[in-house]
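These notes concern the structure reproduced below.
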Amino acid sequence: MSQQLTNLESLRSALQSAMADDETVVVFGEDILDPYGGAFKVTKGLSTAFPNRVFTTPICEGAIVGMANGLALRGMRPVAELMFGDFITLAADQLINHAAKFPAMYNGRVTLPLVVRTPMGGGRGYGPTHSQSLERMFCGVPHLSVVAPTIFHDAGKLLRAAIASDGPVVFIENKLLYPLRQQLHSTATIQHDVLDPEAEYPTVRLRNFGAGDSADVTLIANGGVSRFLPSLLERLADEEIRLQAVLPSVLSPLPPIAPLAAAAADSGRVVIAEEGIATNGWGAELAARLYESCMGRLACPIVRIGAMPTVIPAAKHLEDEILPSETTILNAILKVLS
């Protein structure tokens, strides 16, 4: 897909091409029919192009995912949209006790190719019940994948991989990334490469310095945190601080730890950043794995950045105090350098 596509355009194009290529792909969710096309417009145009395969649903997340499970068991490839990720908890039973378990319960005789797409994250003043990043609640569930594109990944390609997968996938789309253009190639100031180009859900590495040098700091981040990186990489380059940012696209199960550990050991100083609450989260599990793998090659303790452990206010100035920002990430980087 073109580098010029926004994340939203990339996702919409992927859905259109997936439906054109495979008649078993069906899409349903709340208010997704044209002319509205969904709360964030990812599904706009789909019901016009595929009128018999795009369905609007009642406001009942458990029913949406439960119906998707049934369709997947019957040979379809459903893509279910939950309007806001905050309400994915209402479908937890259908995801954890049904979708993730059925193939193993039936000894691999069935597959469950389900994708649950949902927007997550704050920054838009939507308040406590429409601004959370709850992906950590589904990380670690056996046989359930959690995927979260950044602006440095081809979001549409990741979605096509999720749709082609034979297992259930929770596909996290950060709200603030929708209008941002994908950055899939190196620029004059940011070197872009893929650590595992053959992986289904690849890990991207960004550097503000040339090949052959070691990093001063390694930042490992996911999803919505990526929006801070273009500015942060350039800012630190001006300060002659060599930063490499490593961005996995799959949060659970964790990608192979060896490339992440190699990046961590390269600098010896690591910051892990996520938009969700850091306590008991993705970053905590990743930090534990890195400590096990690096075996004394770190120069200082890993610093983790995440949202403060409280509800997210609707008032913008208060919301900004709760959520991680470029400034909080920068301060963490300076801390491990001190």
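Counted over segment 256-338 with a bin width of 5 Å, the fraction of Cα pairs per bin, in whole percents, is 3, 15, 23, 21, 18, 10, 6, 4, 1.
Computed from phi, the 3J(HN,Hα) profile of segment 153-159 under the Karplus parametrisation 6.51, -1.76, 1.60 (θ = phi - 60°) reads 10, 7, 4, x, 5, 5, 5 Hz, with x in place of Gly and Pro.
Quick check on the chain: take the gyration tensor over C-alpha atoms, sort the square-rooted eigenvalues as a ≥ b ≥ c, and tell me if it's rounded (a/c under 1.5), prolate or oblate. It comes out prolate by the Cα gyration axes. The mean sequence separation of alpha-carbon pairs under 8 Å and at least six residues apart, normalised by the residue count of the chain, gives a relative contact order of 16 percent. May I ask you to list the GluC sites (Glu not before Pro) in segment 192-237 that are in a DSSP loop and have at most 14 other Cβ atoms within 10 Å of their Cβ? In loop regions of segment 192-237 (DSSP not H, G, I, E or B), the sparsely surrounded GluC sites (Glu not before Pro) are E198.
With the contact rule set at Cα under 8 Å and sequence spacing of 6 or more, what percent relative contact order holds for segment 17-61? That works out to 37 percent.
Ignoring aspartates and glutamates fewer than eight residues from K44 along the same chain, the ones with Cα atoms less than 17 angstrom from its Cα are E9, E30, D31, D34, E81, E173. In units of the rule-of-thumb radius 2.2 N^0.38 Å, segment 11-98 shows an alpha carbon radius of gyration of 1.03. What is the local net charge at G45, summed over the other residues whose Cβ is closer than 10 Å to its Cβ (Lys, Arg +1; Asp, Glu -1)? So the surrounding residues net to +2. Relative intensity of segment 203-275 on a log10 scale, I(q)/I(0) at q = 0.15, 0.28 Å⁻¹, equals -0.46, -1.45, per a Debye sum over C-alpha point scatterers of equal strength in the absence of solvent.
Highest average first, the peptides 100-107, 6-13, 216-223, 22-29 ordered by how many other beta carbon atoms sit within 10 Å of their residues are 216-223, 6-13, 22-29, 100-107. Between the Cα long axis of helix 326-337 and the first principal axis of the chain there is an angle of about 40°, rounded to the nearest 10. Estimated from helices alone, the mean residue ellipticity of the chain at 222 nm is -8500 deg cm²/dmol (sum of -39500 (n - 2.57) over DSSP H runs with n ≥ 4, per residue). The distance from the alpha carbon centre of segment 36-54 to that of segment 158-225 is 27 Å, rounded to a whole number.
Give, as ranges by residue number, the residues of segment 53-96 whose backbone N falls under 16 Å from the point 7 Å along Cα→Cβ of R124. Those under the cut-off are 81-88. Between the C-alpha center of segment 284-300 and that of segment 7-31 there is a gap of 39 Å. Derived scalar couplings between HN and Hα for segment 254-271 equal 4, x, x, 6, 4, x, 5, 5, 5, 5, 5, 5, 4, 9, x, 10, 10, 10 Hz in order, rounded to whole Hz, by the Karplus curve 6.51 cos²θ - 1.76 cosθ + 1.60 (θ = phi - 60°), x for Gly and Pro. Note on segment 7-177: Cα-Cα pairs beyond 26 Å make up 20% of the total pair count. Return one number: the angle in degrees, 0 to 90 and rounded to the nearest 10, between the long axis of the Cα atoms of helix 7-21 and the longest principal axis of the Cα atoms of the chain. Approximately 40 degrees, to the nearest 10.
Calculate how many DSSP beta bridges within segment 191-337 are antiparallel, expressed in % of all such bridges and rounded to the nearest 5.
Approximately 45 percent, going by the DSSP bridge assignments.
3J(HN,Hα) along segment 215-224: 7, 7, 9, 10, 9, 10, 8, 9, x, x Hz, from the Karplus curve 6.51 cos²θ - 1.76 cosθ + 1.60 with θ = phi - 60°, whole Hz, x for Gly and Pro. Rg/Rh, computed from the Cα trace of segment 191-337 with Rh as the Kirkwood radius, has the value 0.95.
Eigenvalues of the alpha-carbon gyration tensor of segment 143-266, scaled by 5 and square-rooted, set the equivalent ellipsoid semi-axes at 25, 16, 11 angstrom, largest first. In terms of the mean number of neighbouring beta-carbon atoms within 10 Å, the peptides 178-184, 56-62 order highest first as 178-184, 56-62. Listed by chain and number, the aspartates and glutamates whose C-alpha is less than 19 Å from the C-alpha of K316, apart from same-chain residues fewer than 8 away, are D86, E275, E326. Over segment 50-193, Cα pairs under 8 Å with separation of 6+ residues give a relative contact order of 23 percent.
Rule-based calculations on the coordinates, nothing more; no lab input. Note that the coordinates shown come from a computational prediction; the quantities given were computed from them, not determined experimentally. Virtual Cβ from ideal backbone geometry, glycine too; neighbours counted across all protein chains shown.
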